[in-house]
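Below is one structure, written out as structure tokens; comments come after it.
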Amino acid sequence: MSMSIDSNKLLLRKGDMKLDNYPTCAVEALTRLETLIASRNKQNMVMQIISEFIFLERTPKDGDVRKSQALPISQMNLFQEFQLIIALIEYFSRPGRDATRNAIFLSLFGSHLTPQRSKLLSRLISTAVSGSVAPLLSSAGTWMQQVGCKTPLSLEVAQNIVSDFISYSRKTPEQLKQLPMVGPHFAANFMVAVADLYLNEQRSPTLNPPPDALLDTITEWMMENPTLCQASQQPLVLPAGAIAMPFTTPLAGLLRWVVLAPLVSNRSAYSNLHLSLLRALQQLVSSGESTALPSQDLMQIVKSLQSYCARLAESKTDPQADAAYQKCMERFAQAVQIALSSNCITNQIQLLCLLESLPPHKLMKIVIEAHKK
Amino acid sequence: MLRQNLLDQLKHFIETVSNGHSCPQLLTSPNLIKLALGFLEELPATRDIVFEYFALLAEISVQLYVSPEMADPKTGMPVSQVKLAGNRQQQQRAPEYEAFNLVKTALQSLVWKGPPAWSPLIANWSLELVAKLSDKYTQRRMTITASCNYWLECSAMHGLMTLINSCFRKLTQPEEEACVEIMLNAFHRFPMTFDWIVARLGGCFPYKIIMQILQCGIKRFVDDYRCHLDSEAGILDYMTSCHEQHLRAAFREMLREGFAPKKPLDVAVVPFLLITTNYSDTILQSLVNVLVEIYTEDMCEVIVQKAPLWLSNKMFAGMQPTLNNAVLRLNERGATLLLTAAKMAEKYVWCQDFLDNSMQELEQWVLNQRNFPLLADLAYEETKYMLWKSCLSTNLFEQQTAVRLLLVVSSQHPNIYYQTISQLLKKSYAQNPNGIGALIRLLGGQSGMVNFPGFTPGFKMVLEDITLDVQVNNRLPVPPGTPTEAFNTFSNLNILARMHKSKNVAPYIKAQHLNQALNECLPKILQIFDCTVNKLVLRIDRDAAERIADKFRAQQSKNSNNNNELCNGKDYGKRTKLEPGEDKVDDEDATRMRLAHLIVDLLNNIEAGSRTTVLRTPLVLKLATLSVKYFFVGLTEKTVIRRAAASHRSYTLLQRQCSARKIARTVCLRELVERALFYHGHLLGQLEVYQLDELEIPEHEHLILQNLHTSSGANSNRSVLHSGIIGRGLRPVLPPSERNCDAEKQALYLKALNACCADLEKPNNVEGYSLVSLLLVELVSTDVMYNGLPFPDEEFTRVTMERDMLIRRAFINSPVLWAVLGLIAGHRPALCYSSVLLRALCATCLHHWRGKNVNRFQPTAANDELMLCTKKMLQLLAMSQLIPPPLTNLHLIIEHFESAEIALLLRECIWNYLKDHVPSPALFHVDNNGLHWRNTNTQLAKVPPQYVDPLRHLMQRKLSTLGPHYHQMFIMGELMEGDSEPDPTARLQIVEID
């Protein structure tokens, strides 16, 4: 095994694979990987080549047995990173098989990354968004789904994109607005991650609303592309033998946004988003999928509402009299009604019982009673 | 297409930048900068690398700034305005140097107008960059101010600082804290080169920075108490210039924690703060200011209680020596601090140690003529007042500290020394001897100082002040009864002078100096004395005049009732007017009197006017005049004892002057005699003269009518001897009972004369008495003619009779003249010079006795004026040995004779004898003791009988009454002549037999 790796190394070094002229050796390595990746028994070698020639990583002590424990350290400087980014974009822009590309992307960025690699990944995706590099975004979408949209890595990438294009930007760039067209799959997964970042009591003690520009962008996406939420349901193009991870839709997360939004904000954008969400839910009927709204996600909304009611009780306010709470419940009831009718909620009974425990609301009561029978 | 373009641009950018390290011109091309700036908007992922590129640009600029090729060849200073000032090569590089400006402008607009997320990012990046660059390119250690000046000249650095500043203004609270954190982190990484940045930027949130710096410092201090806190102190020092308030607030906060420690770190607060103060004076100053501000008695307790806690810190134990220096470094409140310590010193020994060490150090520095900030504090006006107040404190530590401080500052600011002396003299009261103690110490000066100011100006200053006080009445409103400043001052001066006299009491003061100083101030003292005494004299005169007028008015109303009502009416009006002010005036006069006494005491104590001091003649004259005036003022004191005391004082004063200077004696005597005769005679029993408007001429009476009063009628030809006003009747004469000649006062007066005349060195010198004698002639005799010594023929007296009468009148008016003559008579031959007076008396008596022959059977009253006058005259002649022995007893028996006999005796025995034996000093010779003596023993035999026989005959006729006298006068004398050595027992036996 080690012999073959060494021989391959030798083989590689004969070509342009010299660490001295960096970007070239990375490009070369990429092309070599294409062939290597097909054969399944050379995974170790692939990893080594990636580490050594693409990320210029060096394990702390070469001879050390406990390689896996010590994280490898990259020798790259910022310029080399960008050279690599450019090389990768160029590589992914070249015509080729989606499966191979996705495989290479997944090899480059697995689910456990050094901080340097994750940073590079963020930059790479951000650059791809800026440059509207569709193939790369598609691979990134696949990667996100495989890694899991709500894993820290994905969230980091999402957060980075938000800060790049929203926080540090005077106006929302066209590239971001057109993202659903360029990379619908990535956009859908991005939405899942972003939805998880804001108005989420599991992440922060208080409900912090998304930046206005981000909300506007997502609302626009949803209004213009009603089917965007279903983009994640498209089958993944993976190399042979790979197992596709289950998809998630941004519907549950976004629903949480619109339901809880009245508690912290009164922007009209939420109403628009709510409308488009309802439409999307309606359209789900045709597709017949029943897992679009996992009941855990909905229960999270209920919990937030409950804690809000507890706070109301503390300040001796009747939830019935609280306009914000009423609005929340109204939206929630509408959504639940449509979701139930389009049959896309898992574990309906449990949800209905939980909903009953909330302070009573007219519309919600009607919805619950209609569906209990 | 566009997107592809964007990626191409990125590629180009990356390539250029990564290859361009060697070629700054490429990097600094404006196009590339614009591209990079575009990326910030278009390609946000490249933010990091773009900022890295900007950092490169900044570094290029800084590199150029520090590189020698960009320096001004002449001065070696970096040329910051290369475009204008540099040479060609430098100008070529100018775009590179200025490249960062473009970035700065863009970023600044981003900060101002862009989303808020940029501010913290740019702030952090700039901070890091500045820290890195300053660390990398600082070639040598500089002070904070120097660093600031140096780096802010560089355009990139300046731009970065501007950026940071504008970012800071946009930050929210948590971001701000993060920034402070970053700043402090950077500070920890580069403590040597980052301090100027912290100091510079600290101004944006001073309190936070100051507090953080202090906290950082304390943490380091706790970890290792030997650590160097230069940078922290430097930053604090720099920031103090603008943000002292914040520093103080921070100190207040920390001290609050330090005094009530809760966290383990709190224990180190006080040691830490004290250590920090060693690094910078301004910090020390602030700390002290805070401490003084919050200091209370309770706090002191707390400090004592907590001190063991602090002592556990090793540094604190060995700190005392540095603390001592601390006070010297204070610019303000140093004196307050020391005094506070002094106030506590009684209680705590460590305060004493602190004080001792500090003061020693202080004095050492002064001795070495080093300048230090504390001096400025001490010279401060308010400090001065505080120190003065402390000088009067009963707390000895406080007082001594204040005095020492004053001495220290005096060496540099003599005016403060003078003012202090003046103030202490004025404000030390008898009740509180501390003030005077302080003064004595102060007068001692700073030992070892070469050019220490003398204290004479101080005395002069206070005297000047008092002069003004005394001259301008009621300058300051003072409640009655309080001792005035003048009184106080003189009493203090007096104490000093007395102390100096009893030399061992005040070893601090060099004896001669004080005396000399006070004598130098003599003009001023005399001025005050002059003012005081003259006012008193005026008062005496006014009182006397009023009293006499009252008496006469009463007398007049008794004598004649015609003008009674009118007079009284006017009179009462006058009196009532005076009364309200009376008490106050009296009180004032009493104060003034006491002041006068004090001044004289002082003059005596400093021996003013003695021979050893040099005085200008006007001063001598003034002193003499004033002494005499004081004597007369002293006579008006209310009780005998006080009069005696006052007189005694003036004797000393007079005697000293008179024996020192002839001119003083002349003036004193003249003044004494003149005043006794003319101005203050009423004190010595002078016959009070009628001084009212005697004539009372009606306003519109014609002159012709007035003349008619005098020129017609029986008395019109008598001009001299009249005793009333023609047309008005007799003058009112006071009843004889009221003519009291005050024996006590006369005695005092005579002693005064004696004090002037007596010569201590030559006790037998009669010069003074002769002078008095001559003066009497001058003042009493109205004529300049015939004032010589010889007695003329008795017939000749007619020519001088008028003059003689006037002289006699003078004796009647001023009985004190007799006493004076008596004094002179005792000092032979002084009386000789008054021959003319004796002659006048003799002549007038002779004539009067002769005149009595007309009604010879009228018996003469026992105390008839004529008889008294005759007796006194005879007594005088006898005393002065102007008449020989048998005649010397004449005054005892004269009253037994009839007027005709008296006239005969006066003529035959006295006048004729004196005519033949002219009373002149030549008659006397000086004996072994230096006394003037007329050898009567040998001359007795030679007394020609014609002068004695009339007496002998007359006595023989009246032997029954004059027997014993006859025996004594004639028989005894003859016996004694026979016996060369008379035996007193034998003489007695003879008397008995006889």
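The figures follow:
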read-out: Rounded, prolate or oblate (a/c below 1.5 giving rounded, otherwise prolate when a/b exceeds b/c) for the stretch A:177-236 by Cα gyration tensor; value: oblate
read-out: Square roots of five times the Cα gyration tensor eigenvalues for the stretch B:1-204, Å; value: 27, 25, 13
read-out: Within-14-Å neighbourhood charge of residue B:872 [Cβ basis; K, R +1; D, E -1]; value: -1
read-out: Kirkwood Rh in Å, taken over the stretch B:780-953 so that all alpha-carbon pairs contribute; value: 16.4 Å
read-out: Reciprocal of mean inverse Cα separation for the stretch B:353-440 (Kirkwood radius, Å); value: 13.1 Å
read-out: For the stretch B:193-277: rounded, prolate or oblate by the Cα gyration tensor [a/c cutoff 1.5]; value: oblate
read-out: Among the listed pairs B:535/B:629; B:535/B:622; B:501/B:745, those beyond 20 Å (Cα-Cα); value: B:501/B:745
read-out: Viscosity 0.890 mPa s, 25 °C: Kirkwood-radius Stokes-Einstein D of the stretch A:129-270 over Cα pairs, µm²/s; value: 160 µm²/s
read-out: Net +/- balance of residues flanking residue A:34 in space, Cβ distance below 10 Å, scoring K and R +1, D and E -1; value: +3
read-out: Between helix A:2-14 and chain A: long-axis angle, C-alpha atoms, 0 to 90°, nearest 10; value: 80 degrees
read-out: Radius of gyration and maximum dimension Dmax of chain A, Cα, Å; value: 23.8, 78
read-out: Solvent-free Debye scattering, log10 I(q)/I(0), computed from the Cα coordinates of the stretch B:111-194 at q = 0.10, 0.14 Å⁻¹; value: -0.25, -0.48
read-out: Relative compactness, the stretch B:213-252, computed as alpha-carbon Rg over 2.2 N^0.38 Å; value: 1.21
read-out: The stretch B:136-275 - Kirkwood radius from inverse mean 1/r over Cα pairs (Å); value: 15.7 Å
read-out: Size of the stretch B:583-659 as Cα extents on the principal axes (Å, biggest first); value: 42, 23, 18
read-out: Local net charge near residue B:181, Cβ-Cβ under 13 Å (Lys/Arg +1, Asp/Glu -1); value: -2
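Each reported figure results from applying straightforward, stated rules to the coordinates on display, with no laboratory input. None of these values were measured; they are calculated from a predicted model. Virtual Cβ from ideal backbone geometry, glycine too; neighbours counted across all protein chains shown.
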